[in-house]
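One structure below.
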Amino acid sequence: QVQLVESGGGLVQPGGSLRLSCAASGNIYGPVAMGWYRQAPGKERELVAAITSRNITNYSDSARGRFAISRDGDKNMVYLQMSSLQPDDAGVYYCRLAYGGGDYWGQGTQVTVSS
């Protein structure tokens, strides 16, 4: 079993920054890919940023240039540094881990961008 726990969400004013963290635990013994997804009310879950086991990153068009994904492979943690946040960035942010043919998700952390 693999468990993911996200943290770092909250309320931030437009233009502000937040750093999300995701800690993975469980039976992980090989390369993993990890990522962050966002689900806004009434919308489908969408990719924000992803990072492979070789630290190759991928960003959505809206996140590129404002967000940065990073990982600590030794600790199976992934981070999302978000800057210049706007109301459209709001939603529940989910951490995803792909490992050994499996796909694992965290419970999500809420990000609210409002003045």
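The values are calculated or read from the model by the stated rules, or taken from the named source; none is laboratory data. Predicted model, so just to flag it, every value in this text is computed and none were measured. Every residue, glycine among them, receives a Cβ derived from its backbone with ideal geometry; neighbour counts consider all protein chains shown. Remember, those area values only see protein heavy atoms, side chains included, never the ligands or the DNA or RNA. Shrake-Rupley method; radii C 1.70, N 1.55, O 1.52, S 1.80 Å.
Summary of values
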quantity	calculated
Residue satisfying condition, being open to solvent by 50 Å² or more (accessible area, probe 1.4 Å) and more than 18 Å from V32 (Cβ to Cβ), within set D61, D89, D103	D61
Top-ranked residue in region 17-29 [being open to solvent by 20 Å² or more (accessible area, probe 1.4 Å) and not polar (S, T, N, Q); ranked as farthest from S114 (Cα to Cα)]	Y29
Residue count for region 1-16, restricted to those that are farther than 16 Å from G100 by Cβ, in a strand (DSSP E or B) and open to solvent by less than 30 Å² (accessible area, probe 1.4 Å)	3
Criterion violated by V78 - all others in (1) open to solvent by less than 40 Å² (accessible area, probe 1.4 Å); (2) assigned to a strand (DSSP E or B); (3) without any contact (Cβ under 8 Å) to a residue 40 or more places away in the chain satisfied	(3)
Matching residues in region 30-50 - criterion: being open to solvent by 40 Å² or more (accessible area, probe 1.4 Å) and within 22 Å of P87 (Cα to Cα)	Q39, P41, G42, K43, E44, R45, E46, L47
Residues that are assigned to a strand (DSSP E or B) and under 12 Å from R19 (Cβ atoms), drawn from region 81-104	Q81, M82, Y93
Those residues of region 83-100 which are more than 16 Å from V48 (Cβ to Cβ) and either within 15 Å of the chain's Cα centre (by Cα) or free of Cβ contacts under 8 Å to residues at least 24 places away in the same chain (or both), in sequence order	none
Where D103 falls short, out of the listed (1) under 17 Å from L4 (Cβ atoms); (2) touching a residue at least 12 places away in the same chain (Cβ under 8 Å)	(2)
Selection from region 1-31 of residues that are within 11 Å of the chain's Cα centre (by Cα) and not hydrophobic (A, V, I, L, M, F, W, C)	E6, S7, G8, G9, R19, S21
Meets criteria (modelled with pLDDT under 95, among the charged types (D, E, K, R), in a loop (DSSP other than H, G, I, E, B) and over 14 Å from G108 (Cβ atoms)) for R64	no
